[in-house]
Amino acid sequence: MSNNLYRQKREQKALALAALYLTHPTMNKIILLFARLFLLHTILFGQVSNDKIMFVVDSIPVIDDPEEGNEIVQADVADIIVVKNKDTLNRLGYGQFDGVTFIFTKEYRNRSDSLKQIPSSKQMERKNGVFLFHNTPYNGRFIDYYYSGRKQGDGMFLYGRINGHRKMYYQNGKVSVERDYKDGIENGFEIEYYEDGSLKQKGEFINGKENGIWDMYFPNGQLKQRSNFIDGIMDGETAVYYSTGKILAIEVTKNGKTTPDKQLEKINQAMKKGHESSKEGDYKSAIKNYSKAIELDSTYAEAYFSRGTIKLNDFQFDEAIADFDKALKYEPFMEYALTNRAFARIRKYQFENSRAISKNNDVTVLASKDKVPIPEDEQEKICSDLKKAVFLGDKSKMITEALSDYCQTKISR
């Protein structure tokens, strides 16, 4: 992405996150796989213990906290074996623990013996960029899996380094990324897909650096951005589009310096002033500057998004939703507008609930920290927006929790 437009997108994300940090009641809530495993263990065995327990999923010890969307649930589990005998723990190499819980997924139990023999990179040790299996640089195929047992990725190692074609997968089984490697470095074509299998991005690496034309796409197949790279540095013309096919901007980069689209010069100035006022907490000035950008181009989706986010921060929920509606009219695939529109609706009902609770006190209370009743038609809109935002790539913990609270949905990667 061109430097100037990258800054604009970064400002968009900062505004979106600022709004959600200010209004999301459980942002600091941490949900780890270990906690889920302890919960699963308790559900299945009806026991709560303070013992130091190691979990091993499909023969792979759980060492690191996984990324969001890589949890394991009871429906994934085929069987569980609990070992607490000290002699057995010592023989297994887990003597420092009070017990080991071996969890085997249904997917694992259904694998052929030949597939089970193929190691995962998670079973290997990495030293100086080389993957070691049983203390030796690994040669051959590897397959990584989600904790659910579904395939996460596969490829080939040569002397402990990735070589050849590498694939990553969504939990639904569709390919998320295809990329070529040579001696552990990206070298060749990369293709990235959305979760439904539609093309998201494509380009070429040479010795680990982007080279040539790189294209990004919207889910509807419309070109989103076309850039040219030389040794990892953007060079030449970059064209950015809306999903409708309308050109958003054309910028030129030469010797590391980007010349913004002259047609957007006044709009960019107004947007910059709006962002500066927003950072200072001067919402009135920020709204004024974003409104000026809209006067200059009534189809400029980014200005509606930014103005709507300020209104969300200022508890002007209906007005914020109206602005997000406008932003999404001109760019239906703006994920942060979808996210903020959903949270504007959630906060509206939380805020109204809080005011109702405190009506007898002459005190204004901020949004409730609890899940509140939301009309069914509004809840459907919230869930639709959140699911679209996740599909487009916004998989933050705030969305995960909102989907769980209001839509009974878990996201996958």
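Only the coordinates and a few stated rules stand behind these numbers; no lab work does. Because the structure is a prediction, the values reported are computed rather than measured. Backbone-built Cβ (ideal geometry, glycine too); neighbour counts: all protein chains shown.
Taking 7 Å along the Cα-to-C-beta vector as the label spot, tell me the THR88-TYR159 distance in nanometres, rounded to one decimal.
Roughly 4.4 nm, to one decimal.
May I ask you to list the lysines whose Cα is less than 17 Å away from that of LYS86, ignoring any residue fewer than eight positions away on the same chain?
LYS52
Just the ratio, please: alpha-carbon radius of gyration of region 113-263 over 2.2 N^0.38 Å, N its number of residues.
Cα-based Rg divided by the globular estimate yields 1.27.
Could you give the size of the charge dipole of region 113-263 about its Cα centre, using +1 on the Cβ of each K and R and -1 on the Cβ of each D and E, expressed in debye and rounded to the nearest 20?
280
Could you compute the net charge surrounding VAL240? Neighbours are other residues with a C-beta less than 9 Å from the C-beta of VAL240; K and R count +1, D and E count -1.
Cβ neighbours under 9 Å give a net charge of 0.
Length gain on complete extension for the stretch GLU376 to LYS257, per 0.36 nm per residue less the alpha carbon to alpha carbon distance?
Gain in length upon complete extension: 37.8 nm.
Calculate the spin-label point distance for SER198 paired with GLN96, positioning each point 7 Å from the Cα along the beta-carbon direction, and give it in nanometres.
Going by the 7 Å Cα→Cβ label model, 4.9 nm.
Can you tell me how much longer the chain between ASN172 and LYS209 gets when fully stretched, taken as 0.36 nm per residue apart minus their C-alpha distance, in nm with one decimal?
Between ASN172 and LYS209, full extension yields 10.3 nm more.
Would you mind classifying region 165-218 by shape? Square roots of the alpha carbon gyration tensor eigenvalues, ordered a ≥ b ≥ c; an a/c under 1.5 is rounded, otherwise it is prolate if a/b is larger than b/c and oblate if not.
oblate
Is any residue of region 253-275 close enough, with backbone N under 16 Å, to a label point placed 7 angstrom from the Cα of ASP231 along the Cα-Cβ axis, and if so, which?
Those under the cut-off are 254-257.
Near ALA322, within a Cβ-to-Cβ distance under 13 Å, what is the net charge of the other residues, with Lys and Arg +1 and Asp and Glu -1?
Here the charged neighbours net out to +3.
In terms of Cα to Cα distance under 15 Å, which aspartates and glutamates are near enough to LYS292, apart from those fewer than 8 places away along the same chain?
Filter leaves GLU265, GLU276, GLU302, ASP323.
In nm, to one decimal, how far is the modelled label at THR244 from the one at SER384, with both set 7 Å along Cα→Cβ?
Placing both labels 7 Å along Cα→Cβ, they lie 1.9 nm apart.
Using the count of nearby Cβ atoms within 10 Å as a rough guide to exposure, how do ARG161, ARG345, ARG91 rank from fewest to most?
ARG91, ARG161, ARG345
With respect to the cross-link table entries LYS279/LYS388; LYS200/LYS371; LYS106/LYS387, which display a Cα-Cα separation exceeding 32 Å?
Pairs exceeding 32 Å: LYS200/LYS371.
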